[in-house]
Amino acid sequence: MRASPDRVDLVRIMPFILLHLGCLGAIWVGWSPVAVWTAVGLYFLRMFAVTAIHHRYFSHKTYSTSRPVQFLLALWAGTTVQRGSLWWAYHHRHHHAHSDGPEDAHSPHVHGFLWSHIGWITSRRNFPTDYSTIKDLAKFPELVWLNRFDLVVPILFATSIYGGGELLAHFAPALGTNGLQMLVWGFFISTTFLFHGTACIYSMAHLMGRPRFKTDDDSRNSFILALITLGEGWHNNHHRYQSATRNGFYWWEFDPTYYGLKALSWTGLIWGLKAVPKSVLEEGSHADHHSSVAAAHRAAVRAEHSPLRRVVPAAAAIAVATVNSANTGLAPKTVAPTVHHQDPSSAPAQNRAHSPRTGPSSQVGGSGQA
């Protein structure tokens, strides 16, 4: 199967088609506040399972836990309908080993956006789990069983949602919901949004945002993707240092998954959360500083060559020239000299006082020249 060519397999794509078609059930079952909020709540609860369990635990072992809790975490992650945790971990580790290279199964630069978003998961060659690359996980038979029979947990999960809706219809009819409505909203719609939210990291985290660290791929940081995926949007951070429990390396980088894991560690169920090394944090701060300086320089260059720098002075010059032209176009009024019969010694001063050069009209023209 691994030797098969990359193409959409009709058998593998059927579950995704059915999942999306199930969303259309809302046309017939309608909606209710409890059904919609259940869908929203299950989206975030299961997104946390994707990010904190599939990704930060099974894929990277960024914290530790006991074997019983590990099994419970795998059950929780199974409700995401993204196959088993071992399959998830294998493909993610493979992604890091070949990120944005020819062997990367979901690089948008190699395969295009649509394939990296959903196409790769429907390919026959990406269906098997290579247990040789995840020996640390394959030694647990209970995890292997969940990985092999990965439809068991989703089916039980969907059944429980339907049953819960029927119980609400019987014991709390005022809520206006029922089993089918809860199944459509709580399972089909919520799971579809969950899948596409997760897939945004495959397809968009290497296209959208900006890099802080220099890595061998085109991974980027995006606050928008961090909102959608509870902190996974700090993808460039993660590709720089994969072993840290947090993806948002700095306090201002929103990372709800880390906050949840930190709170869970206070219960003693998990421990050993791995921090970001100081050297990596300093490297990132240094890169941010140089990035800010470069951005300021680019802004100054743009301002230097901005059309406004030419248009505004030109407009001012035209305005001044217009005023000057208007003033000089006014012929100064000639005042006839007045003959005074007085001492000749005072005549020059009086003539100067009545000279057209110092009259009101020439003063206006003079101010225009100034």
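Summary table
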{"read-out": "Sites residue 172 and residue 69 - FRET efficiency at Förster radius 45 Å, r taken between beta-carbons, to 0.05", "value": "0.85"}
{"read-out": "Residues whose placed amide H lies under 5 Å from that of residue 123, excluding near-sequence neighbours", "value": "9"}
{"read-out": "Sum of side-chain charges, residue 119 neighbourhood, beta-carbon under 11 Å (Lys, Arg +1; Asp, Glu -1)", "value": "0"}
{"read-out": "Virtual spin-label span in nm between residue 20 and residue 159, 7 Å along Cα→Cβ", "value": "2.9 nm"}
{"read-out": "Pair residue 8, residue 227: separation of 7 Å Cα→Cβ label points (nm)", "value": "3.1 nm"}
{"read-out": "Ranked packing of 172-180, 10-18, 40-48, most packed first, by mean Cβ within 10 Å", "value": "40-48, 172-180, 10-18"}
{"read-out": "Extension reserve of the residue 263-residue 282 stretch, reckoned as 0.36 nm per residue once the Cα distance is removed", "value": "4.2 nm"}
{"read-out": "Nonlocal amide H pairs with residue 234, under 5 Å, H built at 1.01 Å", "value": "222"}
{"read-out": "Calculated from backbone phi, Karplus (6.51, -1.76, 1.60) coupling profile of the stretch 237-244 in Hz, x at Gly/Pro", "value": "3, 5, 6, 6, 9, 7, 7, 6"}
{"read-out": "For the stretch 79-90, Karplus couplings with θ = phi - 60° (6.51, -1.76, 1.60), whole Hz, Gly/Pro x", "value": "6, 6, 6, 10, 6, x, 5, 6, 4, 4, 5, 4"}
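The numbers here are math on the coordinates, done by the rules we state, and not lab data. What you see is a predicted model, and the numbers here were worked out from it, not measured in a lab. We place every Cβ from the backbone using ideal geometry, glycine too, and count neighbours over all the protein chains shown.
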